[in-house]
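Working notes for the structure below.
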Amino acid sequence: MDLKIEFEEKIFENKRRSPDEFKIIANTLRQDIIKSLLLAGSGHSGGPLGIADLMSVLYFGGYLNYNPHEPDWKDRDRFILSAGHMAPILYAVLARAGYFPASELATLRKFGSRLQGHPGLDVKLPGIETSSGSLGQGVSIAVGMAMSHKLVDKDSKEVYSITGDGELQEGICWEAAMTAGTYGLDNFCWIVDNNDCQIDGRVKNVMSVYPLKEKFEAFGFTVFEIDGHNIVDIIATLDKFTRFHALRKGKPVCIIAKTFMGNGVSFMHDNYKWHGNPPNKEQAIKALEELSK
Amino acid sequence: MKTYEKKGDKATRNGFGEALAELGDVMPELVVIGADVTGSVLTSFFQEKHPDRFFSVGVAEQNATTVAVGMALSGKVAVFSSYSAFSAFRNADQLRVSVCYNEANVKIGGAHSGITVGPDGATHQSLEELAFLRALPNLTLVSPCDYLEAKKATKAICEMAGPAFIRFGRPAVPMFTNDDTPFILGKANILREGNDVAIIACGLLVWQALLAAEKLQEVHGINARVINMHTIKPIDVQAIVDASLECKCIVTAEEHQVHGGLGGAVAEVTAKNSPVPIEIVGMKDTFGGSGEPFELIEKYGLTWKEIYASALVAIERKNGTFNKIRQVKDIASYHEGL
Ligand SMILES: [Mg+2]
């Protein structure tokens, strides 16, 4: 069976939607991830597939304010992918939001591409807010951005960041959490991609970061534990965050999203061995088949 | 030929702290991140004057650095300062990826640097940061020689775009530059003319270099050129090439390890453009220890005496009269003769 990889130029608007629509968008993103990783020949499959549902609501559900035609729009909200190795989903989202042509997804990790293996600010890909990939730094940068908006500019911009759960083993995450809690950054939403997977195995076996809810609460967060693949849950929780922010509740929000690595592709599902590998041709064909159902 | 007079003593950290407080008046986008030692690194001056733009994050230098990056990426000029031992090393990864790779408008103050932090001992005596920082792309790196230059340098790095690191110290040290002494990033200042040997120094050792040059003149009639290389990166290549072509031998002096600092930077330039004998004065690949600053700089050879002796060796090497086997003995006897 032959496989021709093409990226249809299709853009999604950022607006309120039905759960079914988000699922369709999420699967488009998953297909983009599989295709770009196959062409790249290296990269991370599992994590990006696992946060596709979260990302589809965040970027295409009217939560994050942005303007793809003016990436540096000063009134935009910020999204920081602290787990920079999940770059394939960020690139897919930005392309589908209209920041750059979807065809550019074919250049992932290639020489001269703006789609670096981990996001880099130097290559000036529209929509990228910071370089990330050295774990824990992104979320700390996000805290600095939230401080800048809430405490210096005193505006109502929101800052969202996604970290992995293995990433939480980095001490700087907790330094950042301490700062967010102490300054009561109610404009800051920290999403933990809690798939309990990291390169070496289950997070609980490599070095437990649990209990997460209690830890974040102790650091001054309002914590929500949700099913990271349940669109209704995701919508309801993001609504709570924006409402709490509008009410100036004075506490940052942490969403612990229970996810499955490789979600949407049966043979990658909940398998940490898919943390850092791309699919081969046969696997990509099977994955795309499943995702187009 | 005395070109620079000492006008009392004052710490370089005062220049840093005062500059920030003054800049705060005219730069509304200036914010400062504190990591618990604000009264030592003197970001407290800014804090007192502009409390709404000062943010403490506690003893967490990694987070302090990336929080500063977040502020910078949101349109601020963000300053973070702690002791160099922690603001150049504890946060090394943050400096590399988030500050320098991002080209973030973050300015790092490296306080209490060098051996002259004194009694705190080796853990707090950062003597290696130039080697690390010099290797980081996009970073501007300055090491001012006295209070007034520290003040000018702080203003200069805050007014330029992009990442910068300024290295300064704790004790009161001689003030000898003037209000009208130029300070241009990347442009070395020639403090004393001479063509027999060039002494290229930074920080605390600039004053010692001037003292050494006077002694060389007085005792041997040697005319030493003294260059204040306040900007370590980007380094003033022209000043180094001119010095090597015109003086034909060089002594470098820094309050830093002999590996990878100013001496290394100068050697890189001459090796490529104009090879000449170079003697490097600095910490000789060893850690320091507790003591008063004046005791420590004597013990570790960071005074004018070492520069003076090294200049004599450099000139001998230039003239082909230098005997390698005699080197150690000679330096010792030069010392004894002082
Ligand atoms: Mg994980």
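The values are calculated or read from the model by the stated rules, or taken from the named source; none is laboratory data. None of these values were measured; they are calculated from a predicted model. Neighbour counts are summed over all protein chains in view; Cβ atoms, including those assigned to glycine, are modelled from backbone coordinates with ideal geometry. Remember, those area values only see protein heavy atoms, side chains included, never the ligands or the DNA or RNA. Shrake-Rupley method; radii C 1.70, N 1.55, O 1.52, S 1.80 Å.
A few comments on the model shown:
- Matching residues, the stretch A:170-205, being near the ligand (Cβ under 10 Å from one of its atoms) and either surrounded by fewer than 18 Cβ atoms within 10 Å (Cβ to Cβ) or under 21 Å from A:Leu64 (Cα atoms) (or both): A:Val192, A:Asp193, A:Ile199, A:Arg202
- Residues located in the stretch B:82-102, provided they are under 29 Å from A:Lys74 (Cα atoms), more than 7 Å from chain A (Cβ to nearest Cβ) and open to solvent by 10 Å² or more (accessible area, probe 1.4 Å): B:Arg96
- All positions within the stretch B:164-220 that are under 19 Å from B:Val281 (Cα atoms) and of a type in the set (Phe, Trp, Tyr): B:Phe168, B:Trp207
- Condition check for A:Lys4: under 22 Å from A:Ser266 (Cβ atoms) and either more than 16 Å from the ligand (Cβ to nearest atom) or open to solvent by 50 Å² or more (accessible area, probe 1.4 Å) (or both): no
- Cβ-Cβ under 8 Å pairs, at least 6 apart or on other chains, the stretch A:181-199 side more than 14 Å from chain B (Cβ to nearest Cβ) and under 27 Å from A:Gly43 (Cα atoms), far side modelled with pLDDT under 95 and near the ligand (Cβ under 7 Å from one of its atoms): none
- Residue among B:Val31, B:Val79, B:Val69 that alone is more than 12 Å from every other protein chain (Cβ to nearest Cβ), hydrophobic (A, V, I, L, M, F, W, C), open to solvent by less than 10 Å² (accessible area, probe 1.4 Å) and farther than 22 Å from B:Leu127 by Cβ: B:Val79
- Tabulated pairs, the stretch B:240-262, first over 26 Å from B:Phe132 (Cα atoms), second open to solvent by 20 Å² or more (accessible area, probe 1.4 Å) and in a helix (DSSP H, G or I), C-beta under 7 angstrom, 6+ apart or interchain: B:Lys248/B:Lys318; B:Cys249/B:Ile315; B:Cys249/B:Arg317; B:Cys249/B:Lys318
- Yes/no for A:Thr179 being within 23 Å of A:Lys154 (Cα to Cα), touching a Ser or Thr at 6+ places or on another chain (Cβ under 9 Å) and of a type in the set (Val, Ile, Thr): yes
- For the stretch B:141-161, the tally of residues that are open to solvent by 10 Å² or more (accessible area, probe 1.4 Å) and not in a helix (DSSP H, G or I) stands at 2.
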